[in-house]
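The values are calculated or read from the model by the stated rules, or taken from the named source; none is laboratory data. It should be emphasised that the depicted structure is a prediction, and the values quoted were computed from it without experimental measurement. Here the Cβ is made from the backbone with ideal geometry for all residues, glycine too, and neighbour counts use every protein chain on show.
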Amino acid sequence: MTSTKELQQIKGGDEAFSYLFPESGLLAKLERVSLAGGSRVQGTLAGKRRSTSLGGSQEFADYRPYTPGDDIRRIDWNVYGRTGKPFIRQYWDEQELHATLYIDTSVSMSNFGGQEANKLTCALRLAAAVGYAALCGGDRLTVRTFAGQWMDEGVRLAGGRASSLHLFRYLADQKPANPAAFLPPNPSETTGAGIGISDQKPTSSAAALPPNPSETREADASISDLSKPFRQPGRLPRRAGVSWVFTDGWYESGIAETLLALAAAGQHVVFVQLLSPQELDPRLDGELRLIDAELGTGKEVALSGGLLRQYRQTLAEFQDELRRLCADRGIPFVFIDTSRSISDIIASLATIPNTLRL
Amino acid sequence: MQFLSAASAWFAVALPIIALMYILKKKYTDTVVPSHMLWNRLLREQEANRPWQKLRSRWLLLLQLLAALIAVLALMQPVRWGAASPDGHAVLFIDRSGSMSASRGDEGPEGLTRLEHGLRQAGAWLAEQPSGRPISLVVSGAEPEVLASRESDHRRLAEILDGIVPFYGRSDNSAALSFADSLHGGEDGQTIVLTDGEWIDAEEASELLLNAQTERWHAGPSEAADSPFENGSILSFGLRESGSSPGHQIATVTVRNDSEHSRIYNLTIRAFVLDEGEVYRTEVDMETDALSWQSEETDVLPPADYYTAELRGEPDFIAADNMAFQFPQGTQTGKALLVTSGNMFLEKALALAGVQIVKSSPDQPPPTGEIARDLDWVLVDGQLEQLKESAGWADWLGGMPVWNMDHPVTDGTGTVVPTSTEAKALEHPVTAYITLQDTHIGRLYEVGNQDAAWGDPVLTYGGYPAIIAGTEQGRPRLRFTFNLQDTDLPLRPEFPILIVQAAEWMNGSSLPQLGSGLAGSSMSVALQAETETARWAKLDGPELISREQETGSSALEVERNDSQIRVPDVPGLYRLEERDATGQLIASRLLAVSPDMEELKAVRSTSSSGEQLAFHSVQQDDEDNQTVNAGQKQNNGMQQSLIHWAAVLLLGLIMLEWEVYRRGHIG
């Protein structure tokens, strides 16, 4: 249990906390939550998670006949007394769970959704919640952010609530500089704009540039490949564990490969797709040059109601495709509308198998 | 609405160009989206027809296209037929054919003819025209006649209008209409056709494609068609010689009643002798059924120079067909003096030709007294020169038409023996149907240049003139340069024909009268050679408006053109008076001028044929056929340019477009 004093220390000591946890009382709920790790618990240190291997924990697993060389201290003498045959008591090995959170901080994540439903903010808050729950459960936690081809070193945290402050600071550092920067132009504002309308650019091209300096625009084609950052050396977890991927999924390729690579690394993957309401139901009208926030390329579209209907249909197909991709690999696919509150999301996650456990 | 410059429609090519410019327009509202990924999938199909997508719901483009379309339409010079521009050239075409001379009891209190009524309408219209408007005046006739060309002095035009009289001959209305249309010379203009619509050539006229806008005014009150038609006409008036008493005539008159009920017509037949005037008069009452005709023979009429038949019966709408003239038949063959030492073939042939022969011989003196006066011409069978040497003959022959036959002597000079039998005949009344093929002529008199200056060799034999025909001092002259006894010609079947034709030729000028002719037509009349002036003097005729009456003179100069002379326009009996240089009357013949019954017949089918006449103008599609009663609004029918309307529309569109632009619906 966390003492109120400690909490206040965390709260008061870091304004990152207020960014990540705008809802009060969420932390307390999160302490009861643990990450579903499946059978992929394989740590180096003893932990709270029952490992798939037998070991020296207090939890009884099974009997087996004594074979010479076994530690005679583990012979169950009571059984021997009843049966006359020596049996060895076996116990489960309890190890720590390695949880890794991958957060997509690409431009498409960081600059969309507006102040209220910014995708990156939502992702960071969700990661904070999931990470806090993991830490409270005594799991080891690694948090990494990626954008384009790049993935950072991230932060490695030992289990325990004490590490949560580090987690929050790290996550708060990733928050988008200007969450409202890429608000789509409101059609109702443009009607009265007059002559200057055609010259008006809702955002400067500089603002459209990815905020992360390490992201290069040269590798345009590879920006849309999710597997690129994961292929950087040392970015996949070394030990089996749980990996959560927070992304909007706007990748032309590499999603299946990434999921495969993570599975190959012994990970129980949870794929979380975050989409803002503007992406789900875009309110666009007229003739627009749609600029890809990451690639910077334009596409001229005369928008109409029919086209928007087609867009929604295409989006549904895309999500079905992702869902199928995950289902084929036994991976839980979680779709999150970023306008929802974090506690709502946590509650709904608990209903999805193999994600969170209350 | 029509377009004067349809070729400007090519400017419409600008329209797709405008649309193309919109398609190629690079102005888009930049909108940043997280990713193109979905849009790429989505637009894959849409990009196939992307250019058209851009044109959807574009106010500005639509307005610009509309503006461009109007500009193109304006370039095509749209015109509308409407209220006339009052200063353009107008052609007033007045139908003055015979049917226009019809008057009806109900057409006004004065019983105006259609033409008079129409002329009043034209005068009223003329008075309304702005001064200085060029107006041409064309009337129909045998040939269209321009009475005024682009005349801007309207008072003078009114005077000309007053002088227009009906033309009773065969009118070529469609030619006149097409001619009137051509007076516009390709410019915009207005043609007003003042007519009763009863054209013989209505069908042809309706097929004409006129360039100028053409309007038809009905001459006369339009309700006239409802009133019953009342007219009687003399269809034919013929004479035949009475079998019992020579010189006396029996007349046959056919009268047609065009009324809806049977009528009794009073017919007066008169006989006239030129110097004595009326010598006989008889009246016949003829009851004629409705819409039918009736023939009647008269009693024996005494010999006279001419006979007239006059129809009376009121009401009668057409005056021109109430009189007919006829001349007695019979004295065509003539009486000839045959001076010969004996030629049986010739005597018989002349007798066959119906010539009354008075025989004489070169030894006898010329005839005198009663005999001499009756003679029409002389046939000298033998050497004329020898005969002239005797004093009595020379004087006498000088005043007579002479036909002579040479007797070339066998050993004499000036004669020639033809080397070939080739005969060549010119087109001439004497040699019609004559070839002289295979005919042998032994010897011909070689005619010197001076010997026959009065005529042409109408037949040559072996290259030498054989028959010379012509006129000498206005009298027929004929010369055969061979002796009939030197040829086998009298044995040929052609011989009697040749003699008949020769006798007719000799009778030619002695025909007492000219016969009858159609008003306004041309007829072939041989005038006397010494005729210097020729005039028509009207002796009798129905009471019709004519130019002579207008000018107060009953004489009319004869319009001559080669051997054709023009028959007077107004029906009646005329005398052709020929005078020589000294003013002496040298010949006078009578001519009965009749109206064109076809033209008058058109009146009878008033209500039906009038609708057939319709004008088709190139610039008139919708509004042709318009028959505007002249009493109504008259300054209709000039093309009105619509360009300024297009300009107003264009300005309005531009303002609208500005408003659209201001409100940002630039798409």
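The single condition among (1) farther than 23 Å from A:P282 by Cα; (2) in the same structural domain as A:E153 (by TED's automatic domain parsing); (3) at pLDDT 90 or above; (4) among the hydrophobic types (A, V, I, L, M, F, W, C) that A:C122 does not meet is (1). Cβ-Cβ distance below 7 Å, separation of 6 or more or different chains: which pairs start in segment B:407-436 with a residue that is assigned by TED's automatic domain parsing to the domain that holds B:A502 and part of a loop (DSSP other than H, G, I, E, B) and end on one that is polar (S, T, N, Q) and at pLDDT 80 or above? Here the result reads B:H407/B:N483; B:P408/B:T415; B:P408/B:N483; B:V409/B:T415; B:P429/B:Q501; B:V430/B:Q501; B:A432/B:Q501, each pair linking segment B:407-436 to a residue that is polar (S, T, N, Q) and at pLDDT 80 or above. Is it the case that some residue within segment A:321-340 is in the same structural domain as A:G113 (by TED's automatic domain parsing), of a type in the set (S, T, N, Q), surrounded by 17 or more Cβ atoms within 10 Å (Cβ to Cβ) and more than 28 Å from A:P22 (Cβ to Cβ)? The answer is no; no qualifying residue exists.
So is A:E317 in contact (Cβ under 8 Å) with a residue 12 or more places away in the chain and either outside the structural domain of A:D104 (by TED's automatic domain parsing) or not in a loop (DSSP other than H, G, I, E, B) (or both) or not?
On the way: in contact (Cβ under 8 Å) with a residue 12 or more places away in the chain: no; either outside the structural domain of A:D104 (by TED's automatic domain parsing) or not in a loop (DSSP other than H, G, I, E, B) (or both): yes.
Against the criterion (in contact (Cβ under 8 Å) with a residue 12 or more places away in the chain and either outside the structural domain of A:D104 (by TED's automatic domain parsing) or not in a loop (DSSP other than H, G, I, E, B) (or both)), A:E317 does not qualify.
Just one of the numbered conditions (1) under 21 Å from A:I342 (Cα atoms); (2) hydroxyl-bearing (S, T, Y); (3) within 14 Å of chain B (Cβ to nearest Cβ) is not true of A:S243: (3). For segment B:1-32, the set of residues classified as under 15 Å from A:G286 (Cα atoms) and either outside any strand (DSSP E or B) or at pLDDT 85 or above (or both) consists of B:Y22, B:I23, B:K25, B:K26, B:K27, B:Y28, listed by residue number.
Any idea how many residues of segment A:84-117 are in contact (Cβ under 8 Å) with a residue 40 or more places away in the chain and touching a strand residue (DSSP E or B) at 6+ places or on another chain (Cβ under 6 Å)?
Residues of segment A:84-117 in contact (Cβ under 8 Å) with a residue 40 or more places away in the chain: A:92-117.
Okay, now just the ones that are also touching a strand residue (DSSP E or B) at 6+ places or on another chain (Cβ under 6 Å), so A:92-106.
The total comes to 15.
Inside segment A:91-109, can you point out the residues that are under 13 Å from the mean Cα position of the chain (by Cα) and more than 14 Å from every other protein chain (Cβ to nearest Cβ)? Residues satisfying the conditions are A:A99, A:T100, A:L101, A:Y102, A:I103. Scanning segment B:386-412 for residues that are exposed (fewer than 12 other Cβ atoms within 10 Å of the Cβ) and either touching a strand residue (DSSP E or B) at 6+ places or on another chain (Cβ under 7 Å) or of a type in the set (D, E, K, R) (or both) returns B:E389, B:D395, B:D411.
Okay, residues lined up against (1) assigned by TED's automatic domain parsing to the domain that holds B:P401; (2) in contact with a helix residue (DSSP H, G or I) (Cβ under 8 Å, 6 or more places away or on another chain); (3) modelled with pLDDT under 85; (4) surrounded by fewer than 21 Cβ atoms within 10 Å (Cβ to Cβ):
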| position | (1), (2), (3), (4) |
| --- | --- |
| B:I269 | no, no, no, no |
| B:E283 | no, no, no, yes |
| B:D289 | no, no, yes, yes |
| B:E297 | no, no, yes, yes |
| B:V300 | no, no, yes, yes |
| B:D305 | no, no, yes, yes |
| B:A324 | no, no, no, no |
| B:F327 | no, no, yes, no |
| B:M344 | yes, no, no, yes |
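Counting only helices (runs of 4 or more DSSP H) that sit completely within segment A:67-137, those holding 2 or more residues that are over 30 Å from A:E279 (Cα atoms) correspond to A:77-83, A:119-136.
Note on segment B:5-45: residues that are of a type in the set (F, W, Y) and within 11 Å of chain A (Cβ to nearest Cβ) total 3. When the residues of segment B:456-505 are narrowed to those that are without any contact (Cβ under 8 Å) to a residue 24 or more places away in the chain and under 37 Å from the mean Cα position of the chain (by Cα), which ends up nearest to B:L527 (Cα to Cα)? Selected residue: B:G470.
On inspection, B:S245 qualifies as on the phi < 0 side of the Ramachandran plot, of a type outside the set (K, R) and surrounded by fewer than 16 Cβ atoms within 10 Å (Cβ to Cβ). Annotation note: of A:D225, A:D285, A:D281, A:D248, the sole residue that is buried (at least 24 other Cβ atoms within 10 Å of the Cβ), within 14 Å of chain B (Cβ to nearest Cβ) and either touching a strand residue (DSSP E or B) at 6+ places or on another chain (Cβ under 6 Å) or not aliphatic (A, V, I, L, M) (or both) is A:D248. Residues that are more than 7 Å from chain B (Cβ to nearest Cβ), more than 24 Å from the chain's Cα centre (by Cα) and among the basic types (K, R) within segment A:288-326 comprise A:R309, A:R312, listed in sequence order.
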